[in-house]
Amino acid sequence: MSDRVADHVTSLVRRLARHLNRKLSDVLTLLFNHKSAGSLGAVAGFAIAVVFVWRFLRSPPARQRRNPPKRRAPIQAADGGGFGAVQMLKESDAGGAIDSPPQLTVRQIVRKKLAGCRKMTCQLLGVILEEKSAEELQKHATVRLSVVELLLEIAKHCDLYLMETILDDESEERVILALESAGLFQTGGLMKEKVLFCSTVSGRTSFVRQLEADWHIDSDIEIISQLSRFIRNQLYISPMEPGQIAPNVFTSSSLEQYFS
């Protein structure tokens with residue numbers, strides 16, 4: 001289609017050029033018949049104008065240039081591109097690891113949580129032992145392995161006393177044997193003489209007050225409430241949030257969760 005249009009325009013230009021040639025010849029003949037300086041200058045100007053018009057008309061119409069196709073950037077090989085992406089991710093992870101704060105050790109966490117603590121008292125049932133009642137201790141006693149390292153670190157940081165309400169002497173023996181089997185008496189920080197037993201709940205409250213502990217840990221809300229006026233800080237172990245008890249009472253689902 002574009003070639004036909006170009007040919008048609010070229011044909012028109014040629015016919016127009018021939019027509020101008022004839023007109024130019026007639027005008028020159030007329031002017032030379034009336035010779036004068038002004039007429040010669042007019043002839044020269046007219047001739048130059050005709051030449052420019054004639055050359056312009058004879059030049060072929062410029063065709064619209066087509067935009068050259070854009071060259072696409074070469075696609076990297078799958079292996080090379082994958083390696084580069086993995087390398088960038090590794091460098092990004094490395095930078096994030098450098099910027100992230102270091103994890104605190106158990107010793108650092110204990111020192112931070114128990115700053116200024118000289119003496120701590122802690123219940124056994126439901127905190128250090130798997131059992132939750134004195135009746136269960138009449139059958140077995142099992143130390144929660146997740147608290148062993150933490151207890152040993154607490155015993156290094158302050159004077160630690162463990163206590164529980166039991167129903168018979170056999171329960172006491174089971175508890176001592178379980179603590180010894182877990183390795184809690186091997187480092188010297190926690191001794192058998194610091195594991196206290198009583199037959200009533202009020203007896204446990206008396207132990208804590210007589211020892212003048214800075215921290216007490218218990219799962220009995222009544223004991224926590226009674227001691228809130230006398231103990232500087234307490235930790236109430238409960239699976240549910242009881243609400244605000246006292247400003248110096250903290251709550252956690254477990255001992256290790258509070259020190260995590």
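Bear in mind these aren't lab numbers, they're just calculated from the coordinates by the rules spelled out. Fair warning: this is a prediction, and the values are worked out from it, not measured in the lab. Note that each Cβ is placed from the backbone with ideal geometry, even for glycine, and that neighbours are counted across all protein chains shown.
For ASP159, list long-range residues whose amide hydrogen, built 1.01 Å from N in the peptide plane, is under 5 Å from its own amide hydrogen.
Here LYS119, MET120 satisfy the definition.
Please report the net charge: other residues with Cβ closer than 15 Å to the Cβ of LYS156, K and R +1, D and E -1.
Neighbourhood net charge equals +4.
Please give the net charge around GLU170, taking every other residue with its beta carbon less than 13 angstrom from that of GLU170, where Lys and Arg add +1 and Asp and Glu add -1.
-4
Counting other C-beta atoms within 10 Å, and keeping those with at most 15, which DSSP coil GluC sites (Glu not before Pro) do you find in segment 112-181?
GLU130
Would you please classify the overall shape of segment 180-260 from the alpha carbon gyration tensor, given that a ≥ b ≥ c denote the square roots of the eigenvalues, rounded means a/c under 1.5, and beyond that prolate means a/b larger than b/c while oblate covers the rest? Working shown, then result.
Details: a/c = 1.95, a/b = 1.33, b/c = 1.47.
Oblate.
If the chain between ARG111 and GLU180 were fully stretched, how many nm would it gain, using 0.36 nm times the residue separation less the Cα-Cα distance?
Net length gain for the segment: 22.3 nm.
I want the local charge near LYS194. Using Cβ-Cβ distances under 11 Å, sum +1 for each Lys or Arg and -1 for each Asp or Glu among the other residues.
0
How would you classify segment 147-223 from its alpha-carbon gyration tensor, with a ≥ b ≥ c the square roots of the eigenvalues: rounded for a/c under 1.5, else prolate if a/b is greater than b/c, otherwise oblate? Don't jump to the answer; show the numbers that get you there.
Working: a/c = 1.99, a/b = 1.19, b/c = 1.67.
Oblate shape, in that a/c is at least 1.5 and b/c is the bigger or equal ratio.
In nm, give the distance between the simple-model label positions of PHE230 and GLU149, each being 7 Å from the Cα along the Cα-to-Cβ direction.
Rounded to a tenth, the inter-label distance reads 3.6 nm.
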